[in-house]
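Take a look at the structure below.
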2 protein chains.
Amino acid sequence: MNSEQIQVIKNIVASGRVFTDEQDRYSYSFDASFGTYLPDVVVQTKSVQEVAEIVKYANTAKIPVYPRGQSTSLSGGPLPVQGGIVLDMSVMNDVLEIDEEDLVAVVSPGVLTADIHKAAEKKGLMYPPDPSSSHVSTIGGNLAENSGGPRGLKYGVTKDYVIGLEVITPEGEIIRTGGRTVKNVTGYDLTKLIVGSEGTLGIITKAILRLIPKPASSKTAMAIFNELVDAGAAISKILSSGILPSKMELMDQASIVAVENYEPCSLPVDAGAMVLIELDGHPAAVEAELAKVSDLCKEVGAREIRIPESPSAQADLWKARKLVSPAIVRIKPTKISEDATVPRSKIPDMCQRLEEIKKKYDLHLVVFGHAGDGNLHPNIVADKSDKEEMRRVEQAVAEIFEAAIAFGGTLSGEHGIGIMKAPFMEMELGKAGLDMMKRIKQSWDPNNILNPGKIFPAPGQKLVLTE
Amino acid sequence: MNSEQIQVIKNIVASGRVFTDEQDRYSYSFDASFGTYLPDVVVQTKSVQEVAEIVKYANTAKIPVYPRGQSTSLSGGPLPVQGGIVLDMSVMNDVLEIDEEDLVAVVSPGVLTADIHKAAEKKGLMYPPDPSSSHVSTIGGNLAENSGGPRGLKYGVTKDYVIGLEVITPEGEIIRTGGRTVKNVTGYDLTKLIVGSEGTLGIITKAILRLIPKPASSKTAMAIFNELVDAGAAISKILSSGILPSKMELMDQASIVAVENYEPCSLPVDAGAMVLIELDGHPAAVEAELAKVSDLCKEVGAREIRIPESPSAQADLWKARKLVSPAIVRIKPTKISEDATVPRSKIPDMCQRLEEIKKKYDLHLVVFGHAGDGNLHPNIVADKSDKEEMRRVEQAVAEIFEAAIAFGGTLSGEHGIGIMKAPFMEMELGKAGLDMMKRIKQSWDPNNILNPGKIFPAPGQKLVLTE
């Protein structure tokens, strides 16, 4: 952008909220994935009208616009890969209303997801989507990426709870989609199209979220296995038993050991894998299901089932699960988080394939995640200064994607495509499927100014992790 | 269409499945809404490749294509308003597979929804969406219209259970969206865009549906009120109590009387309204919630609560609810079914407004439906040969839509827009919102051949019920 263009932005926005110094722009150049990209200017946005005006101008001047929450993205969602304007939406956080009668929350994009959880729970309600980053990430980012989380197994993901949006289109128009009713079939479902479109179709400036009554009771069990494949079998068995746990999380030996080294939690470091299972609902139902789940795990060879009694002991187990990500980066500095997802029946097969890929490429591949819905998180830890190793990582990642798709699964269950998975889109969607997505993008954003460089691969684009 | 064009269709399709005689075409000229429109040719389609070939040809020759299930649409969804080709998809019904491990059903579009219910229940599973027409309607029609039903209150609507589709695009390409995983964020959510697009964006030739474990127990209560408004208050009260019934259906006095005259069911004909409430889940939870629901109804003035013990007595109550539609057409021959939907907190206000509109226009307005999610079904019964009365109906319908939108609601909760509600689209969506929908249609169907004349209003189009 030239200085005249930057001046136009300064004229739209009150002073103190436009940043052009390199050290400020640097803070907006990265996310939780790979690479750094400097924007030309950063705006901390405060009002819908202001955002609309910036986008209108950017559209006529053909300047890229990158909306951004707290940038916990694992797929490069907010990276300003073509420079231009970064809109810091995290400061637009003034609205957080819970309406107990309509069973909805109305929220600004910059509100932290954990604050929505707390506000709903205060009224006996629940906002189910619970990405692991919820204490840091904004609801705006969750909406853009359609974030999941452990409770996705029983309750679904972000999209399943969004019933209305206020959105700035790529040409700067303000539109409202859906509303405050749970049923709405008036025209195309723009709400569910925009949620998960990774900021490429519109900038969300307000959302109406559906809430549900908070379950009366919840309990956790930890099942310990000698073999990862047996843990996979237990998960399949529970799911076809008529029980739907609220969470069912897998940790393999590498992730157990990593957590125990990072912060001792009395985890079984000699186990091949452990599964954490949470059941919620009416107290009598939870007790009955807990007994059945324990029996099922034993049937497929669990060597031990631990059922912590106190809420704090339960919370400790879930904390251990949350520590996997910070713990494994202690092993090596570069973490490549994947979330290739397979149909539930293929969980044991996918576990097997991941073991093979780990051996074939001689990598630190750690497997954990939301196994109950087939949404494993194979994470590779490596050192990006070791180019030879990073090339093995590139090959292993491609092979993980191929395996997931061969099993009837998908590239991404919840992290999004961003820049890292764009080269693999056609492999999953086919040429015609990808083309139908491109048509929507082109018809909404003819100048390609909203989050350009994301989702859609450039011709011949390949995954490159070596810089 | 000229005879050459019809010959092209005959060459694509095996003989015996192409119909051009007027008496055959007449059978395909209407649905459960208004008006008759003769297609030029009808094809009973059997294979995906055949449909793709027909659509490819129709696109190049710019001939309208109208896919059709069992035509129970209440909004004109399948009506061939511009002639052309009707595709009878109800005969494409060869696939109905239940996969207990993946917890999915894979179905052809012509399969009856009730057959999916039965097949899932045989394996201890449930496909929750339950439109009242489920014994007659095809899943293809349910998908096109995003059908709801009583269980929408707790379990959501058709869209919430579709995770993958095979679709013929308006240019005749075969694409696959989503898949067999419950989490999938690979690109735009074409699955949820196509479901509910009323056959204007693609022809669904296969669907993958998510199933859930069948609840262990369910019970029904019937709460009887002297005043409709009190029934509305009871519904609001239950919903904000932390209980989420599986169904909560309202019948006003006019619908109670109509059913009792049609088929005596021991309904309280002197009551102002009754509410049928179904609770499901673990047996202990159901019992506890049933007691609480009874207390809440009494608090807002219910004069009686009936709780049938036997499953057959419970089924009788639900049968009475299903008889409302056939019963009310005995009063007068022409039924105008609306499904304007309001936020839950506005249910009592909307009941009040409907009483006022009924008096103002001196019409037989009957109120019943899925009150628990704000999806009331105000039905007007009239006689279409009485032009003066029909003009009052037109005015009353417009006023119902205005009221719903003024209360923060929507034109349609589950019946779709079709042709009847198209004139009111801009009132709800605004110019820019409607424009973004049109852009998608134009980018996918540049020749406007798929179900033309639906959803989007022609310039100056008004609701006309007088022929």
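Between A:ASN11 and A:LYS292, the contour length at 0.36 nm per residue exceeds the alpha carbon distance by 94.7 nm.
Arrange the residues B:HIS364, A:HIS135, A:HIS377 by how much accessible surface each exposes, largest first, with a 1.4 angstrom probe. All intermediate terms of the calculation are to be shown ahead of the outcome.
Values: B:HIS364 85, A:HIS135 120, A:HIS377 10 Å².
Order by accessible area, largest first: A:HIS135, B:HIS364, A:HIS377.
Summary of the geometry: region A:165-220 and region A:374-443, compared by the centres of their Cα atoms, lie 26 Å apart. Rounded to whole numbers, the Karplus 3J(HN,Hα) couplings from phi for region B:396-411 are 5, 4, 4, 6, 5, 4, 4, 5, 4, 5, 4, 7, x, x, 9, 4 Hz, using 6.51 cos²θ - 1.76 cosθ + 1.60 with θ = phi - 60°, and x at Gly and Pro.
Residue farthest toward the positive end of the dipole of the protein assembly as shown, with Cβ of Lys/Arg at +1 and Asp/Glu at -1: which of B:VAL182, A:GLY242, A:ALA371? Checking the options against the dipole of the protein assembly as shown, the answer is B:VAL182. The convex hull defined by the C-alpha atoms of region B:217-406 has an orientation-averaged projected area of 10.0 nm². Label-to-label distance for B:HIS135 and B:ALA458 is 3.9 nm, based on points extended 7 Å past Cα in the beta-carbon direction.
At 1.4 Å probe size, put A:GLU399, A:GLU53 in order of accessible surface, largest to smallest. Mind showing how you got there, number by number?
Values: A:GLU399 30, A:GLU53 100 Å².
Order by accessible area, largest first: A:GLU53, A:GLU399.
Quote the Stokes-Einstein diffusion coefficient, in whole µm² s⁻¹, for chain B, based on the Kirkwood radius over alpha carbon pairs, a temperature of 20 °C and a viscosity of 1.002 mPa s. In µm²/s, the coefficient is 93. Burial here means at least 40 square angstrom less accessible surface with every protein chain in place than with the chain by itself, probed at 1.4 Å; in region B:84-101 the buried residues are B:GLU101. Cα-based values for region B:19-153, radius of gyration first and Dmax second, are 16.0, 49 Å.
In this Cβ point-charge picture (+1 for Lys and Arg, -1 for Asp and Glu), the protein assembly as shown has a dipole of about 520 debye about its Cα centre.
Once B binds A, the 1.4 Å probe can no longer reach about 6200 Å² of accessible area, counting both sides.
A 19 angstrom limit on the alpha carbon distance is what I want to check against. Which of A:LYS183/A:LYS438; B:LYS322/B:LYS359; B:LYS183/B:LYS438; A:LYS10/A:LYS454; B:LYS159/B:LYS206 exceed it? Mind dumping the intermediate values first?
On the way: A:LYS183/A:LYS438 29 Å; B:LYS322/B:LYS359 26 Å; B:LYS183/B:LYS438 29 Å; A:LYS10/A:LYS454 27 Å; B:LYS159/B:LYS206 14 Å.
Beyond 19 Å: A:LYS183/A:LYS438; B:LYS322/B:LYS359; B:LYS183/B:LYS438; A:LYS10/A:LYS454.
Placing a label point 7 Å from the Cα of A:ASN226 along the Cα-to-Cβ line, the residues of region A:277-304 whose backbone N sits under 17 Å from it are A:297-304.
Applying the Karplus relation 6.51 cos²θ - 1.76 cosθ + 1.60 with θ = phi - 60° to region B:273-285 yields 3J(HN,Hα) values of 5, 9, 10, 9, 10, 10, 10, 9, x, 5, x, 5, 5 Hz, where x marks Gly and Pro. Averaging 1/r across all pairs of distinct Cα atoms in region A:96-213 and inverting the result yields a Kirkwood radius of 14.0 Å. Rounded to the nearest whole Hz, the Karplus-based 3J(HN,Hα) values (6.51 cos²θ - 1.76 cosθ + 1.60, θ = phi - 60°) of region A:57-64 follow the sequence 5, 4, 5, 6, 8, 6, 9, x, with x at glycine and proline. Among the GluC sites (Glu not before Pro) in region A:223-310, those located in a DSSP loop and surrounded by at most 12 other Cβ atoms within 10 Å of their own Cβ are A:GLU309.
Annotation: lysines with alpha-carbon distance below 17 angstrom to A:LYS237 (same-chain offsets under eight excluded): A:LYS154, A:LYS247, A:LYS292, A:LYS298, A:LYS346, B:LYS123, B:LYS214.
Counting only protein heavy atoms and a 1.4 Å probe, tell me what percentage of region A:150-242's accessible area is made up of carbon and sulfur. Intermediate results must be reported in sequence, preceding the final value.
Numbers: 880 of 2190 Å².
Within region A:150-242, the accessible surface is 40 percent carbon and sulfur.
For A:HIS364, nonlocal amide neighbours, meaning residues 5 or more places apart or on other chains whose placed amide H falls under 5 Å from its own, are A:VAL381. Compared with the alpha-carbon gap, the fully stretched path from B:SER241 to B:ALA406 is longer by 56.8 nm at 0.36 nm per residue. Extent of the protein assembly as shown along its three principal axes (Cα atoms, max minus min coordinate, largest first): 83, 63, 61 Å. The candidates B:SER241, A:SER132, arranged from most to least accessible area with a 1.4 Å probe in the full protein assembly, appear as A:SER132, B:SER241. Backbone amide hydrogens, once placed in the peptide plane, bring A:VAL162 within less than 5 Å of A:ARG210, excluding anything fewer than 5 places away on its chain.
Note on B:THR466 and B:ASN2: the model spin-label points, each 7 Å out from Cα along the C-beta direction, lie 4.0 nm apart. Using a probe of 1.4 Å on the protein chains alone, the accessible area found for B:TRP318 is around 30 Å².
Once the partner protein chains are put back, region B:230-254 shows a loss of at least 20 square angstrom of accessible area, versus the chain by itself, at B:LEU239, B:SER240, B:GLY242, B:LEU244 (probe 1.4 Å, ligands and nucleic acids excluded).
Send over a whole-number figure in Å² for the accessible area per residue of chain B, probe 1.4 Å. Can you show the working numbers first?
Details: 16300 Å² over 467 residues.
Result: 35 Å² of accessible area for each residue.
The values are calculated or read from the model by the stated rules, or taken from the named source; none is laboratory data. Just so you know, these numbers come straight off a predicted model, no measurement behind them. Reconstructed Cβ throughout: ideal geometry from the backbone, glycine too, with neighbour counts over all protein chains shown. Accessible surface areas use protein heavy atoms only, side chains included; no ligands, DNA or RNA. Shrake-Rupley method; radii C 1.70, N 1.55, O 1.52, S 1.80 Å.
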